[in-house]
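The values are calculated or read from the model by the stated rules, or taken from the named source; none is laboratory data. Treat the numbers as computed from the prediction; the structure is a model and nothing was measured. Here Cβ is always computed from backbone atoms with ideal geometry, including for glycine, and neighbour counts include all displayed protein chains.
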Amino acid sequence: MNLILLGPPGAGKGTQAKVLSAKRGIPQLSTGDMLRAAVKAGSDVGKAAKAVMEAGKLVSDDIVIKIIEDRIAAADCARGFILDGFPRTLAQAAALDKMLTSKGRSLDAVIEMRVNDGELVGRISGRYTCSKCGAGYHDTNLKPKTAGVCDSCGSTDFVRRPDDNAATVTTRLMAYYRETSPLIGYYFCKGNLKSVDGMASIEDVGAAIEGILNKVS
Ligand code: ADP
Ligand code: ADP
Ligand code: ZN
C-alpha cells in the first residue's frame, strides 16, 4: 500500500498517518519530521533547512527529493509507505512518479484532507507533541487523559514547534495554496485522488480513510 496524505498544514495528516501506520504495519514518512531531526542533529541538510522552516517557507525540492528517495529504498518500505507532507510541489510529485516507476511501483491512493482555513489556524496554534515518543496532542481537541502526562509513554515532557505560531501560519498557508494545492489537480487527472472531510472528528476522518483504502486494496 503506497499512500499519500495530502492537505494544508494542520489538516490532520500526521495524526491519521500514525494511526494508519500502526494499523497496517507500514511506515509514516514525514519529511517535516525528518527535516526537524536533521536540524536537531546539526547535519548539512539541517543547517540548510533550519531558517527556511522557521520562516514557514518550503525547503528546496532537491533536498526533500533526495531524503525521500533514500527513505523509500529502505527495507521497511518494501510493503508500502504513508507519505505525510511529501510531495509538496509539482516538481516533487514528478520526481516521486519517476522514482516509483523506476522501481516498478505505483501509488494506490492520494487522500486529500479538506479543512477550512480558520480551523487550520486553530489546529496549528494548539498543537503540541510528546518530546519522548512523538505522540500528538491539542490544547482543546485532543488532551492527554491525565493532564500533563502522555497517554502513550507516560512522559511529562511536551514540545511545541517553533513554526507553529500565528505569524508563520499565514506564510505556510500561502506556500500551501501557491505550491502544493496544484497537486490536487495533478492527482485528480492521474485518477489517484480521493477526498475526505477533514473537519470531522479524528475518529470519523480515520473511518473515512479506512473506507477508501478497503476499496483500493
Ligand atoms: P498535519 O500533520 O496535517 O500538519 P496534525 O495531524 O499535526 O496535522 O494535526 C494538527 C493538530 O490538530 C494536532 O494538534 C491534532 O491533535 C489536531 N487534529 C488533528 N486532526 C483533528 C481533527 N479531525 N479534529 C480536531 N483536531 C484535530
Ligand atoms: P505541516 O504539515 O504542519 O505543514 P510539516 O512537518 O509537514 O508541517 O513541515 C514543516 C516544514 O518543513 C514546512 O513548513 C517546510 O518548511 C518543511 N517541509 C516539510 N516537508 C517538505 C517538503 N516536502 N518540501 C519542502 N519543504 C518541506
Ligand atoms: Zn509520549
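Summary table below
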{"quantity": "Selection count where residues are buried (at least 18 other Cβ atoms within 10 Å of the Cβ) and more than 14 Å from ligand 2 (Cβ to nearest atom), scope segment 149-173", "calculated": "1"}
{"quantity": "Every residue from segment 6-35 that is within 16 Å of ligand 3 (Cβ to nearest atom) and basic (Lys, Arg)", "calculated": "Lys18"}
{"quantity": "Meets criteria (loosely packed, with under 14 Cβ neighbours inside 10 Å and without any contact (Cβ under 8 Å) to a residue 60 or more places away in the chain) for Lys215", "calculated": "yes"}
{"quantity": "Filtered residue count, segment 118-133, keeping only those that are surrounded by fewer than 16 Cβ atoms within 10 Å (Cβ to Cβ) and within 12 Å of ligand 2 (Cβ to nearest atom)", "calculated": "1"}
{"quantity": "Conditions (1) surrounded by fewer than 16 Cβ atoms within 10 Å (Cβ to Cβ); (2) of a type in the set (D, E, K, R); (3) under 23 Å from Tyr187 (Cβ atoms); (4) touching a residue at least 12 places away in the same chain (Cβ under 8 Å); number of the one not met by Lys98", "calculated": "(4)"}
{"quantity": "Among the candidates Lys40, Lys23, Lys50, residue that is surrounded by fewer than 18 Cβ atoms within 10 Å (Cβ to Cβ) and more than 30 Å from Gly211 (Cα to Cα)", "calculated": "Lys40"}
{"quantity": "Of all residues in segment 191-209 being of a type outside the set (A, V, I, L, M) and touching a residue at least 24 places away in the same chain (Cβ under 8 Å), the one that is surrounded by the fewest Cβ atoms within 10 Å (Cβ to Cβ)", "calculated": "Asp197"}
{"quantity": "Residue among Lys18, Lys57 that alone is outside any loop (DSSP other than H, G, I, E, B) and either basic (Lys, Arg) or touching a residue at least 12 places away in the same chain (Cβ under 8 Å) (or both)", "calculated": "Lys18"}
{"quantity": "Those residues of segment 61-111 which are closer than 21 Å to Leu193 by Cβ, assigned to a loop (DSSP other than H, G, I, E, B) and of a type in the set (A, V, I, L, M, F, W, C), in sequence order", "calculated": "Phe86, Leu107"}
{"quantity": "Which listed residue is away from ligand 3 (no atom under 14 Å from the Cβ) and farther than 25 Å from Ile212 by Cβ, from Lys98, Lys103, Lys132", "calculated": "Lys98"}
{"quantity": "Matching option when the condition is modelled with pLDDT of 95 or more, surrounded by 13 or more Cβ atoms within 10 Å (Cβ to Cβ) and more than 24 Å from Ala93 (Cα to Cα), among Tyr176, Tyr186, Tyr137", "calculated": "Tyr137"}
{"quantity": "Only one of Asp44, Asp84, Asp76, Asp61 that is at negative phi and in contact with a Lys or Arg (Cβ under 7 Å, 6 or more places away or on another chain)", "calculated": "Asp84"}
{"quantity": "Residue among Asp97, Asp108 that is farther than 24 Å from Val39 by Cα and in contact with a Gly (Cβ under 8 Å, 6 or more places away or on another chain)", "calculated": "Asp108"}
{"quantity": "Lone unmet requirement of (1) at pLDDT 95 or above; (2) assigned to a loop (DSSP other than H, G, I, E, B) for Lys194", "calculated": "(2)"}
{"quantity": "Pairs where the first residue, in segment 146-170, is aliphatic (A, V, I, L, M) and the second is assigned to a loop (DSSP other than H, G, I, E, B), C-beta under 6 Å, 6+ apart", "calculated": "Val149/Thr156; Val159/Ser131"}
